[in-house]
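One structure is given below, encoded as structure tokens.
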Amino acid sequence: KPILADLIPEGFVDIHSHVLPGIDDGAKNIEESLSLISQMKEMGFSKIIGTPHTYEGLYNNTSETIKKSFDLLKKNLKEDVKIDYASEYMIDGSLLKRIEERSLLALKDNYVLVEMSFISSPNKLYDIIFKLQMNNYIPVLAHPERYLYFFDDNNIKNFSKLKTRGCKFQLNLLSITGYYGKKIVELSDILIK
């Protein structure tokens, strides 16, 4: 197994992390946030974008709650590392309202991090992807290698369809190390190829 720090090239930007304190299943408080960021800096990350979940009914984050958590972190951060914030949005009906309000927090420019349930494909997936694009957003699908139901006997036709519709993919670094198991490593390799 490769050592995680060995996989990180110089100047690497982490575009998907849960380092903002107290607003999702990531860092529970400012101390955990600072510890995570310190460890990430030691591994070689030059910039970290905190992307807490926005998932109606579970993580009811808004642009305001995310900014408030980011400001608290920034105020307490002593590390020499660039940080920023966005969100990881669940693809569901509530995302449509946020798209129409143009209230999505982007990773950079108009790139928006989105995720699906680990259990089943969302209703109206392609309609929501289309709606994002019609509002000048570029969807970036978080950890596609972990949506096992989306693979059909290791066939990536579902992912090919998303890609041809303009969706980008963001694999988790831990997935290629074996952290989530051998099957996820295999699926990651298929997607990378």
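Applying the selection to the range 65-85, what residues are out of contact with any Lys or Arg (no Cβ under 8 Å at 6 or more places or on another chain) and of a type in the set (A, V, I, L, M, F, W, C)?
The answer is Ile66, Phe70, Leu72, Leu73, Leu77.
Go through the residues of the range 25-41 one by one and say whether even a single one is within 14 Å of the chain's Cα centre (by Cα) and either outside any loop (DSSP other than H, G, I, E, B) or surrounded by 13 or more Cβ atoms within 10 Å (Cβ to Cβ) (or both).
Checked the range 25-41: at least one residue is within 14 Å of the chain's Cα centre (by Cα) and either outside any loop (DSSP other than H, G, I, E, B) or surrounded by 13 or more Cβ atoms within 10 Å (Cβ to Cβ) (or both).
Determine the pairs where a residue that is at negative phi, located within the range 14-29, has a partner that is open to solvent by 30 Å² or more (accessible area, probe 1.4 Å) and of a type in the set (Ser, Thr, Tyr) with Cβ atoms under 8 Å apart, the partner being 6 or more residues away or on another chain.
These pairs meet every condition: Leu20/Tyr85; Ile23/Tyr59; Ile23/Thr65; Asp24/Tyr59; Asp25/Tyr59.
Let me spell it out: the conditions are (1) of a type in the set (Ser, Thr, Tyr); (2) part of a helix (DSSP H, G or I); (3) surrounded by fewer than 21 Cβ atoms within 10 Å (Cβ to Cβ), and Ser46 meets all of them except one. Which number is the exception?
(2)
Show the residue pairs that are 6+ apart or on different chains and have beta-carbon atoms under 8 Å apart, the first residue being within the range 63-79 and open to solvent by 80 Å² or more (accessible area, probe 1.4 Å), the second being among the hydroxyl-bearing types (Ser, Thr, Tyr).
Lys67/Tyr85
Which numbered condition in (1) aliphatic (A, V, I, L, M); (2) in contact with an Asp or Glu (Cβ under 8 Å, 6 or more places away or on another chain); (3) within 20 Å of Asn172 (Cα to Cα) is the only one that Val112 fails?
Evaluating Val112 over (1) aliphatic (A, V, I, L, M); (2) in contact with an Asp or Glu (Cβ under 8 Å, 6 or more places away or on another chain); (3) within 20 Å of Asn172 (Cα to Cα) leaves (2) as the failure.
How many residues, within the range 139-183, are among the polar types (S, T, N, Q) and either touching a Ser or Thr at 6+ places or on another chain (Cβ under 7 Å) or under 15 Å from His16 (Cβ atoms) (or both)?
3
The values are calculated or read from the model by the stated rules, or taken from the named source; none is laboratory data. All figures in this text were calculated on a predicted structure; none of them were measured in a lab. Note: ideal-geometry Cβ built from the backbone for every residue, glycine included; neighbour counts use all protein chains shown. Just the protein is used for accessible areas: all its heavy atoms, side chains included, with ligands, DNA and RNA removed. Shrake-Rupley method; radii C 1.70, N 1.55, O 1.52, S 1.80 Å.
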